[in-house]
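Shown next, in C-alpha cells, is the structure this report addresses.
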Amino acid sequence: GPSDVVLELVEQSVDMKDRILAAQMSHGLDIPIPLDPTFAGIVEAWAMGVSWTELLTLTSVQEGDLIRLLRRVMDVLRQIPRLPYVPNDRGVSTALRLQARRALTLMDRFPVSDDVTYTVSEEELMEVSNEGLKTDMKLPEGQISGPMGWSEGEVS
C-alpha cells in the first residue's frame with residue numbers, strides 16, 4: 001500500500017477538496033473536483049521505480065486503464081511548474097515546482113511515456129524472472145543511476 005507520507009497527503013487533499021466544494025456551494029457554484037485517492041499507492045510505486053510487470057501484479061486494473069491513469073498524473077505534474085507564483089504563500093512555491101519536475105522525471109518511462117502498445121508475453125515474464133532484465137540501455141549523459149536505475153540528480 002501507499003507510504004504514510006502519501007496517506008497523509010491524500011487525507012489533506014480530500015480535506016481540501018471538501019473545503020473547496022463547501023465554498024463553491026456557499027456561492028452557488030457546482031464545479032466537480034475529480035479527486036480519486038484510490039490509486040495513490042500504485043502511482044507512488046511507479047514513481048519509486050517498480051517495474052511495469054511488478055506494478056501489474058499490484059492491481060487488478062487493466063494495462064490500458066493503468067497507463068491512462070499514470071499519464072493523467074504526469075499531465076498534472078507538467079502543469080504545476082507553469083502555475084503562477086505569488087510571494088507571501090500564494091501560488092505555487094519553487095519547492096513544489098521542483099518536486100513536480102522530479103516526480104515527472106521518475107514517472108516518465110516506458111510503457112507510460114511511450115505511445116507504442118506494450119504487452120508482456122509469458123515467455124518474456126519467465127526470462128525476466130529467471131535471469132533478471134538485461135538491457136543495453138544507457139542513461140542520458142550527465143545522469144547518475146540510483147538504486148532504481150533512474151537519475152537522482154538535479155532535475156531542470
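The values are calculated or read from the model by the stated rules, or taken from the named source; none is laboratory data. Given the structure is predicted, the values throughout are model-derived calculations rather than measurements. With ideal geometry, Cβ positions are generated from the backbone for all residues, glycine too; neighbour counts draw on all protein chains shown. Side chains included, ligands, DNA and RNA excluded: accessible areas come from the protein's heavy atoms. Shrake-Rupley method; radii C 1.70, N 1.55, O 1.52, S 1.80 Å.
Scoring TYR85 on the criteria (1) among the hydroxyl-bearing types (Ser, Thr, Tyr); (2) in contact with a Ser or Thr (Cβ under 9 Å, 6 or more places away or on another chain); (3) closer than 21 Å to VAL112 by Cα leaves a single failure, condition (3). I'm trying to understand the selection: among the residues of the range 40-69, which are among the β-branched types (Val, Ile, Thr) and either in a helix (DSSP H, G or I) or within 21 Å of ASP4 (Cβ to Cβ) (or both)? Within the range 40-69, ILE42, VAL43, VAL50, THR53, THR57, THR59, ILE67 qualify. Remark: pairs (first residue in the range 76-103, over 22 Å from LEU35 (Cα atoms); second residue open to solvent by less than 50 Å² (accessible area, probe 1.4 Å) and part of a helix (DSSP H, G or I); Cβ separation under 8 Å; 6+ apart in sequence or on different chains) = TYR85/ARG97. The residues of the range 71-88 that are assigned to a loop (DSSP other than H, G, I, E, B) and either within 22 Å of VAL10 (Cβ to Cβ) or open to solvent by less than 80 Å² (accessible area, probe 1.4 Å) (or both), listed by number, are LEU83, PRO87. Taking the criterion of being closer than 12 Å to VAL112 by Cα and open to solvent by less than 80 Å² (accessible area, probe 1.4 Å), the residues of the range 56-70 that qualify are GLU63, GLY64, ASP65, LEU66, ILE67, LEU69, LEU70. Within the range 106-123, is there a residue that is at pLDDT below 80, among the hydrophobic types (A, V, I, L, M, F, W, C), open to solvent by 70 Å² or more (accessible area, probe 1.4 Å) and out of contact with any strand residue (DSSP E or B) (no Cβ under 8 Å at 6 or more places or on another chain)? Yes, the conditions are met somewhere in the range 106-123.
Within the range 1-54, take every residue that is polar (S, T, N, Q) and within 16 Å of the chain's Cα centre (by Cα) and give me the one that is most open to solvent (accessible area, probe 1.4 Å). The residue in question is THR38.
Look through the range 89-105, keep the residues that are in a helix (DSSP H, G or I) and aliphatic (A, V, I, L, M), and return whichever of them is most open to solvent (accessible area, probe 1.4 Å). Step by step, filter the range 89-105, then rank; the result is LEU96.
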